[in-house]
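The values are calculated or read from the model by the stated rules, or taken from the named source; none is laboratory data. Worth saying up front: this structure is predicted, and the values here are computed from it rather than measured. Glycine gets a Cβ as well: all are built from the backbone with ideal geometry, and neighbour counts include every protein chain shown.
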Amino acid sequence: MQSASRLQEQVEIIRPAAVLESRVATTVLTHLREQDVSLGGVWNASASVWQRYDQPWNGVGGTRGSSVLLGTVAVMYDTPVRHEVTIYRVTVTPAGQERGWTVENLCDDALSVAGLTLARCPRAEVADMPRSDPFRNRAPGQ
């Protein structure tokens, strides 16, 4: 296995984008909130990204501490239809790759609570994808 310092982020644009219909989206989002890194879980879900860590945040005052970011699922809410969630880009960090994470199993980890996998997600062409990742230049956990 290559060392994490030699690996580059693995970024995959999901085309056509994976779409979670309203009921499935609610199930997944509820699960991600229940698995929040600040509550002993491994997910940090925000309005545009779902970040998967190797362990709950353990730093002072609820910060990241020694937790390692494994990957990020970029999403859009209310697209293409209100109450739906669209997965359009997935990134696996070098640390995630070293631990055996792939684009597929990162997504599958988030979607499994709804009995879904990335391969079985409904797909849609979405024209208005964000051009840049708003979290790209931010340190993990900020």
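Those residues that are of a type in the set (S, T, N, Q), more than 20 Å from residue 27 (Cβ to Cβ) and in a loop (DSSP other than H, G, I, E, B), I need them from segment 68-95; list them, please. Full working, then the answer.
First, the residues of segment 68-95 that are of a type in the set (S, T, N, Q): 72, 79, 86, 91, 93.
From what is left, the residues that are more than 20 Å from residue 27 (Cβ to Cβ) are 72, 91, 93.
If the condition is that a residue be of a type in the set (S, T, N, Q), more than 20 Å from residue 27 (Cβ to Cβ) and in a loop (DSSP other than H, G, I, E, B), then 93 is the only one that fits.
Residue by residue, here is whether (1) surrounded by 19 or more Cβ atoms within 10 Å (Cβ to Cβ); (2) more than 11 Å from the chain's Cα centre (by Cα); (3) among the hydroxyl-bearing types (Ser, Thr, Tyr) holds:
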residue: 18; (1), (2), (3): yes, yes, no
residue: 26; (1), (2), (3): no, yes, yes
residue: 33; (1), (2), (3): no, yes, no
residue: 48; (1), (2), (3): no, no, yes
residue: 54; (1), (2), (3): no, yes, no
residue: 61; (1), (2), (3): no, yes, no
residue: 75; (1), (2), (3): yes, no, no
residue: 99; (1), (2), (3): no, yes, no
residue: 108; (1), (2), (3): no, no, no
Q: From 85, 49, 73, 103, grab the single residue that is within 22 Å of residue 123 (Cα to Cα), β-branched (Val, Ile, Thr) and without any contact (Cβ under 8 Å) to a residue 60 or more places away in the chain.
A: 73
**Q.** Condition broken by residue 82, with the remaining ones in (1) among the charged types (D, E, K, R); (2) within 21 Å of residue 33 (Cα to Cα); (3) touching a strand residue (DSSP E or B) at 6+ places or on another chain (Cβ under 9 Å); (4) modelled with pLDDT under 95 satisfied
**A.** (3)
Q.
Would you confirm, using the coordinates I've provided, whether residue 116 is surrounded by 15 or more Cβ atoms within 10 Å (Cβ to Cβ), under 13 Å from the mean Cα position of the chain (by Cα) and touching a residue at least 40 places away in the same chain (Cβ under 8 Å)?
A. no
Q: Looking only at segment 28-44, decide whether some residue is of a type in the set (Val, Ile, Thr), modelled with pLDDT of 95 or more, under 23 Å from residue 119 (Cβ atoms) and in contact with a Cys (Cβ under 7 Å, 6 or more places away or on another chain).
A: no
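Being part of a strand (DSSP E or B) and either aromatic (Phe, Trp, Tyr) or farther than 20 Å from residue 85 by Cβ (or both) is the filter here, so list the residues in segment 22-67 that pass it.
Just the residues of segment 22-67 that are part of a strand (DSSP E or B), to begin with: 36, 43-45, 49-53.
Once the filter is applied, which keeps residues that are part of a strand (DSSP E or B) and either aromatic (Phe, Trp, Tyr) or farther than 20 Å from residue 85 by Cβ (or both), segment 22-67 yields 43, 50, 53.
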